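Notes for the one structure printed next.
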Amino acid sequence: MARILVFQHVAAEPLGTFDPLIRAHGHRIRYLNFSRDPHRQPRCERYDALVVLGGPMMPDQQQQYPHLAVECRAIEHFLKAGKPVLGICLGSQLLAHTLGAALFRAPRWEIGWYPLRITTGGRQDRLLLHYPDQQPVYQWHGYSFALPAGAELLAQSDICSNQAFRYGELGWGFQFHLELDQRLIKRWLKLPAYLRELAASDVEHSAEEILTHTEQHIDASLATSRRVFKAFLEQLPSSGNVILPSR
């Protein structure tokens, strides 16, 4: 059994599909929600892996959100300890920032479903070798990052050249939201703050069109998320017999 520390930034962005899979493998989850407890100092040595989730803030807003600096130190701790790290959206940006990569506004927003192109390195990666090339994945971001020095580029899209990377053997950053199911996507598209961000972005499709695209792509995304996240869990101490949750 492993203990997984999860950094959460807003209630609307939990582990999603990853949560029941972790529990089915017999691992324990410790959520640290910085929106509720922004001054919390995690005791990283107690945990076997770290997952950093998404959120509306940007990695360079550390004066406004001091916990972002705390998160970067925790990421550095896990990497130095040789423990698995997975950063999702904001989490991937924080991972890249911790590794010294530049952060910047993306040339265009990605909100909704976009094809993901797996690189040659991604085809050999333990997680993304399970991802079908050009399969659409759900996105919601306006920031991007340079590829950290020494990292392997795993995936790209037409708008965002650095969609996924691996640093060393156990550090992964995913700019996209493979953890989302249909319920969470619908929730995002009802929240006023998210709808305002969508309206202010330069994307051409509406919330209603995104929901239509979700109907088309969600089943394939759920199947792929199970394979990718299961591969991440295989990097943790064994939990013995596993009964996977049904969809």
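The values are calculated or read from the model by the stated rules, or taken from the named source; none is laboratory data. Everything numeric in this text was worked out from a predicted model, so none of it was measured. When we count neighbours, we look across all protein chains shown, and the Cβ atoms used for this are built from the backbone with ideal geometry, even at glycine.
Being farther than 17 Å from PHE232 by Cα and buried (at least 16 other Cβ atoms within 10 Å of the Cβ) is a property that does not hold for LEU50.
Screening the range 53-96 for residues that are touching a Pro at 6+ places or on another chain (Cβ under 9 Å) and closer than 22 Å to CYS160 by Cα and picking the one that is surrounded by the most Cβ atoms within 10 Å (Cβ to Cβ) gives LEU95. Which ones in the range 148-175 are part of a loop (DSSP other than H, G, I, E, B) and buried (at least 18 other Cβ atoms within 10 Å of the Cβ)? If the condition is that a residue be part of a loop (DSSP other than H, G, I, E, B) and buried (at least 18 other Cβ atoms within 10 Å of the Cβ), then PRO148, SER157, CYS160, ASN162, GLN163, LEU170, GLN175 are the ones that fit. Looking only at residues of the range 97-123 that are small (Gly, Ala, Ser) and crowded, with 23+ Cβ neighbours inside 10 Å, we find that the one that is nearest to ALA149 (Cα to Cα) is GLY122. Condition first: surrounded by 17 or more Cβ atoms within 10 Å (Cβ to Cβ), within 27 Å of PHE104 (Cα to Cα) and touching a residue at least 24 places away in the same chain (Cβ under 8 Å). Can you find one or more residues in the range 210-232 that meet it? Yes, the range 210-232 has at least one match. Within the option set GLN134, GLN64, being more than 17 Å from the chain's Cα centre (by Cα), modelled with pLDDT of 95 or more and either closer than 28 Å to GLN216 by Cβ or not in a strand (DSSP E or B) (or both) holds for one residue only, GLN134.
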